[in-house]
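**Q** Please read through the structure below; I'll follow up with questions.
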Amino acid sequence: MTRLSVYITRAIPEEGVAILSEAGLTVHTHRQPSGLEREELLKEAARHDGVVCQAPDRIDAEVLKAAAPRCKIFANCAVGIDNIDVATAAKLGICVTNTPDVLTETTADLAWALMLATARRGCEGDRVVRSGQWRGWGMLDYLGADIFGKTLGIIGAGRIGTAVARRAAGFDMRVLYFSRGEKKAMSDLGARRVPMDDLLHESDFISIHVPLTDETRNLIDERALGKMKREAILINTARGPIVDEPALVAALNSGKLAAAGLDVYAEEPSITPALLGLNNVVLLPHIGSATVATRVKMACLAAKNVVSVLQGKAPLTPVSPR
Ligand code: NAP
Ligand code: GLV
């Protein structure tokens with residue numbers, strides 16, 4: 001009898017591969033660091049019983065139609081599923097899974113790393129020291145903004161948003177949040193739910209944690225940026241297209257917004273060139289969940305989802321169409 005096979009679109013930690021192999025599945029991993037060509041994805045999706053994919057893989061209707069009827073599952077190694085056409089997958093009877101929870105605390109840490117680095121001009125300071133231009137301690141040099149005692153606004157009070165809010169207690173911050181419904185976990189932390197405009201108007205730090213959907217695309221546009229304090233700092237670890245990037249550049253250039261810390265971009269891996277020239281931004285390469293331990297957990301969860309589905313059992317972390 002032919003063994004069932006799984007295609008992994010980009011390398012994952014070996015612990016995940018081992019789970020697939022130990023379940024008796026044949027594993028094919030695409031290993032080119034340059035990424036996976038569209039034609040190859042279309043071809044491979046049709047030739048396997050399951051696919052382990054990642055955020056840069058666009059799993060649209062064309063890929064899913066090519067994958068059906070053989071392929072039974074696309075297991076995304078990410079919590080965000082905006083790269084997958086979940087509705088079409090459901091119509092074709094293909095299961096989609098993601099990796100929630102295991103990356104929550106790691107990603108919340110990174111939002112805080114961006115907040116601290118941006119407020120205290122950490123990356124700018126590093127560049128100055130490395131370039132040999134530092135002239136020694138100066139009373140008026142590299143002055144940043146305090147974080148303690150300030151107001152933090154969380155947009156999207158789910159798993160990661162709540163974990164970011166929890167850390168704010170250590171900085172004596174007032175926490176506001178915007179969400180479609182009241183969140184008990186947030187009120188238990190003393191955070192207050194407010195309308196979006198109030199959050200934009202009152203927050204010193206604004207951290208984005210909504211998923212990318214039709215509703216949240218360009219949520220932070222010129223209008224929203226215009227409501228923020230001039231000294232506000234915007235942090236985005238969610239998805240690039242939630243922020244209108246040209247409008248953000250304009251706000252940062254004109255002094256309408258003090259600074260921004262970004263882990264995600266509108267057209268990854270391309271970066272709006274104007275962002276590269278700004279000293280008041282910290283730019284990270286989409287590394288929210290990138291710790292050794294968390295990437296192992298993500299790979300193992302994705303692999304367990306594949307094994308469950310190919311054994312005819314329910315997936316651990318299924319995603320349904322919104
Ligand atoms: P989550 O638990 O589902 O939280 C998302 C929250 O956003 C939910 O509370 C949801 O509210 C809220 N929301 C959705 N649409 C909204 C809208 N239109 N207006 C207001 N609130 C809205 O997800 P999570 O695990 O925290 O992850 C959040 C996102 O972070 C992911 O989707 C992903 O894009 C991003 N992420 C990035 C990295 C990285 O490497 N940078 C790593 C992990 C995750 P309801 O509860 O009302 O639905
Ligand atoms: C990463 O971006 C994720 O959504 O897990």
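The values are calculated or read from the model by the stated rules, or taken from the named source; none is laboratory data. Keep in mind that this is a model prediction, so the values were computed, not measured. Positions of Cβ are backbone-derived with ideal geometry, glycine not excepted, and every protein chain shown enters the neighbour counts.
**Q** With surrounded by fewer than 20 Cβ atoms within 10 Å (Cβ to Cβ) and within 19 Å of Leu212 (Cβ to Cβ) as the only criterion, which of Thr272, Thr291 stands out?
**A** Thr272
**Q** How many residues does the range 200-224 contain that are β-branched (Val, Ile, Thr) and more than 11 Å from ligand 1 (Cβ to nearest atom)?
**A** Result for the range 200-224: 2.
**Q** I would also like to ask the following. Condition check: within 16 Å of ligand 2 (Cβ to nearest atom), charged (D, E, K, R) and buried (at least 19 other Cβ atoms within 10 Å of the Cβ). Does Asp204 satisfy that?
**A** No: the conditions fail for Asp204.
**Q** Report yes if some residue within the range 191-198 is within 28 Å of Asn83 (Cβ to Cβ) and out of contact with any Asp or Glu (no Cβ under 7 Å at 6 or more places or on another chain); otherwise report no.
**A** Within the range 191-198 (the criterion being within 28 Å of Asn83 (Cβ to Cβ) and out of contact with any Asp or Glu (no Cβ under 7 Å at 6 or more places or on another chain)), the answer is yes, since at least one residue qualifies.
**Q** So in the range 282-315, with the set limited to residues that are polar (S, T, N, Q) and either assigned to a helix (DSSP H, G or I) or free of Cβ contacts under 8 Å to residues at least 24 places away in the same chain (or both), which one is farthest from ligand 2 (Cβ to nearest atom)?
**A** Ser308
**Q** Let me ask something else about it. Just checking, does the range 95-105 include any residue being within 16 Å of ligand 2 (Cβ to nearest atom), in contact with a Phe, Trp or Tyr (Cβ under 9 Å, 6 or more places away or on another chain) and within 21 Å of Pro321 (Cα to Cα)?
**A** yes
**Q** Just to be sure, is Ala163 in contact with a Lys or Arg (Cβ under 6 Å, 6 or more places away or on another chain), crowded, with 18+ Cβ neighbours inside 10 Å and hydrophobic (A, V, I, L, M, F, W, C)?
**A** no
**Q** Could you please give the count of residues in the range 228-269 that are more than 16 Å from ligand 1 (Cβ to nearest atom) and assigned to a helix (DSSP H, G or I)?
**A** Residues meeting the conditions: 9.
**Q** Filter the range 189-199 for residues that are within 15 Å of ligand 1 (Cβ to nearest atom) and not in a loop (DSSP other than H, G, I, E, B); which is surrounded by the fewest Cβ atoms within 10 Å (Cβ to Cβ)?
**A** Selected residue: Asp197.
**Q** Sticking with this one: Specify which of the listed residues (Gly144, Gly156) is surrounded by 12 or more Cβ atoms within 10 Å (Cβ to Cβ), touching a Lys or Arg at 6+ places or on another chain (Cβ under 6 Å) and either closer than 20 Å to Asp204 by Cα or not hydroxyl-bearing (Ser, Thr, Tyr) (or both).
**A** Gly144
**Q** Kindly indicate whether any position in the range 159-181 is modelled with pLDDT of 95 or more and touching a Pro at 6+ places or on another chain (Cβ under 8 Å).
**A** yes
**Q** Can I ask one more? What are the residues in the range 294-322 that are farther than 22 Å from Ser21 by Cα and either more than 13 Å from ligand 1 (Cβ to nearest atom) or crowded, with 19+ Cβ neighbours inside 10 Å (or both), if any?
**A** The answer is Val319, Pro321.
**Q** Being more than 16 Å from Asp49 (Cβ to Cβ) and either of a type in the set (D, E, K, R) or part of a strand (DSSP E or B) (or both) is the filter here; which residues of the range 23-35 pass it?
**A** Passing the criteria: only Arg31.
**Q** While we're here: Would you call Lys91 surrounded by fewer than 22 Cβ atoms within 10 Å (Cβ to Cβ), among the charged types (D, E, K, R) and either closer than 23 Å to Arg295 by Cα or in contact (Cβ under 8 Å) with a residue 60 or more places away in the chain (or both)?
**A** So Lys91 does not fit the description; no.
**Q** Moving on to the next point. With the requirement that a residue be closer than 17 Å to Thr213 by Cα, more than 11 Å from ligand 1 (Cβ to nearest atom) and either part of a strand (DSSP E or B) or touching a Pro at 6+ places or on another chain (Cβ under 6 Å) (or both), what does the range 79-96 give you?
**A** Ile84, Val86, Ala87, Val96
**Q** Right, another one. When the residues of the range 99-147 are filtered to those that are in a loop (DSSP other than H, G, I, E, B) and hydroxyl-bearing (Ser, Thr, Tyr), which remaining residue is farthest from ligand 1 (Cβ to nearest atom)?
**A** Restricting to residues being in a loop (DSSP other than H, G, I, E, B) and hydroxyl-bearing (Ser, Thr, Tyr), the top hit is Ser131.
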